[in-house]
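Q: If you scroll down you'll find the structure; I have some questions about it.
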Amino acid sequence: MELWYTEKQTANFGITAKVKQTLHTEKSEFQQIDLIETLQWGKMLVLDGMVMTTDEDEFVYHEMISHVALNTHPNPKKVLVVGGGDGGAIREIVKHPSVEKAVLAEIDGRVIEVSKQFLPQIASELTGNPKVDVQVIDGIKHVMEHKNEYDIILVDSTEPVGPAVGLFAKDFYQGIYEALKEDGIMVAQSESPWFNRDLIRRVFKDIASIFPVTRYYTVSIPTYPSGLWSFTMGSKKYDPLEVDESNLFDPPGTKYYSPKIHKSIFNLPKFVEELLK
């Protein structure tokens, strides 16, 4: 008998992957956590029935939520990741030599522990790196309590359901603005242009109402809904389209991000441009 995992990404569409084995399953205080091994994508972390990351394509998301902002800011020293308990964004952040401290604010400590156990190549910097501060806390509360502290804040959230709903709220983006230093930058994952158009319009409008520079970019992540994913950047000062590509840091070990594509990702298909108007 064959076993298949299916994520229903909308009421009428989903993706499916053949399962080799189930490695872990539990109900944490906040969500259902499953770790399965698939034949196509390797190990796959699933939260509340939604694919969060896989061995094979995780590098796209983690590189692209991190390096665009880190290479737009001229000297990022202190960085916060809200969510992101798998540790992938932290792994990318500490590649930058200017970074002195990377704080992970993850509400569900079980996601961190399961990732350490089953996804060690993603969670590799969550243990033993003196630059990394792992905190099992409410990221929204942390942001509201730390004013003018961070150079960069990354919102590495799940879809806007359950404990992540507040991470898509305008008052949270305002709190991020206040937690950033005077030249700080934020990046939030902002879902699929195919399936989340109303949310994208709202998020972009809300961030643009707070930050003087707001940019939207897309990447290809095959296990995420539709395969076309997006991020929204809010910056107090620096524009990612005005950086000198020849001076950008080329992070070691990246497979998607490079200085050569830093600006090109902001060139959007026409139907995506229409969402932002």
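The values are calculated or read from the model by the stated rules, or taken from the named source; none is laboratory data. The structure presented is a predicted model; accordingly, all values stated were derived computationally and were not measured. Ideal geometry is used to build each Cβ from the backbone, glycine not excepted, and the neighbour counts take in all protein chains shown. Note: accessible area is taken over every heavy atom of the protein model, side chains too, but ligands, DNA and RNA are not part of it. Shrake-Rupley method; radii C 1.70, N 1.55, O 1.52, S 1.80 Å.
Q: At R0 = 35 Å, how high is the FRET efficiency between Ser246 and Asp171 if r is their beta carbon distance? Nearest 0.05 is fine. Mind showing how you got there, number by number?
A: Numbers: r = 40 Å, r/R0 = 1.13.
Between Ser246 and Asp171 the formula returns 0.35.
Q: In addition: Of all trypsin sites (Lys or Arg not before Pro) in segment 179-209, which ones are in loop regions per DSSP and have a Cβ with at most 12 other Cβ atoms within 10 Å? Don't skip to the answer; put the middle values down first.
A: On the way: sites: Lys181, Arg197, Arg201, Arg202, Lys205; in loops: none.
Sparse-neighbourhood loop trypsin sites (Lys or Arg not before Pro): none present.
Q: Carbon and sulfur atoms: what percent of the 1.4 Å accessible area of segment 72-122 do they account for?
A: Numbers: 730 of 1470 Å².
C and S fraction of accessible area: 50 percent.
Q: Check the straight Cα-Cα distances from Lys8 and name the lysines below 18 Å, setting aside those fewer than 8 residues away within the same chain.
A: The qualifying lysines are Lys18.
Q: Give me the distance between the Cα centres of segment 78-110 and segment 200-277, rounded to whole Å.
A: 19
Q: Between Arg197 and Ile261, how many nm apart are label points set 7 Å from Cα along the C-beta direction?
A: Reported label-point gap for Arg197 and Ile261 is 2.6 nm.
Q: Answer with a single label: of [x] 12.6; [y] 14.9; [z] 13.8, which was calculated as mean projected area of the Cα convex hull in nm² from the structure in view?
A: Comparing each candidate, only [z] matches the computed number.
Q: Another question, if that's okay. So, for the chain, what is the accessible surface per residue at a probe of 1.4 Å, expressed in square angstrom? List each step's numbers first, then the result.
A: Values: 11880 Å² over 277 residues.
Per residue, the chain has 43 Å² of solvent-accessible surface.
Q: Still on this structure, please answer the following. List the GluC sites (Glu not before Pro) within segment 155-245 that fall in a DSSP loop (any state other than H, G, I, E or B) and whose Cβ has at most 15 other Cβ atoms within 10 Å.
A: On the way: sites: Glu178, Glu182, Glu191, Glu242, Glu245; in loops: Glu191.
Answer by residue number: there is no such site.
Q: With a 1.4 Å probe and every protein chain kept in, tell me what percent of the accessible surface of segment 208-269 is carbon plus sulfur.
A: Details: 1280 of 2690 Å².
Summing carbon and sulfur atoms, their accessible area is 48 percent of the total for segment 208-269.
Q: Looking at this model, which pairs from Lys181/Lys205; Lys116/Lys236; Lys141/Lys270; Lys77/Lys270; Lys95/Lys260; Lys205/Lys263 are more than 26 angstrom apart at the alpha-carbon? Numbers along the way, then the final one.
A: Values: Lys181/Lys205 22 Å; Lys116/Lys236 35 Å; Lys141/Lys270 37 Å; Lys77/Lys270 36 Å; Lys95/Lys260 18 Å; Lys205/Lys263 21 Å.
The answer is Lys116/Lys236; Lys141/Lys270; Lys77/Lys270.
Q: Pop a pseudo-label 7 angstrom from the Cα along the beta-carbon direction at both Asp239 and Met1 and give the gap in nm to one decimal.
A: Here the modelled spin labels are 6.0 nm apart.
Q: Taking only DSSP H segments of four or more residues, each worth -39500 (n - 2.57), what value at 222 nm results for the chain once the sum is divided by all its residues, to the nearest 500 deg cm²/dmol?
A: On the way: 7 runs with 64 residues, N = 277.
Mean residue ellipticity at 222 nm (helix-derived): -6500 deg cm²/dmol.
Q: Right, something else. So how much slack lies between Lys18 and Gln32, counting 0.36 nm per residue of separation and subtracting their Cα-Cα distance, in nm? Don't jump to the answer; show the numbers that get you there.
A: Details: separation 14, 0.36 × 14 = 5.04 nm, distance 2.02 nm.
Difference between extended and current length: 3.0 nm.
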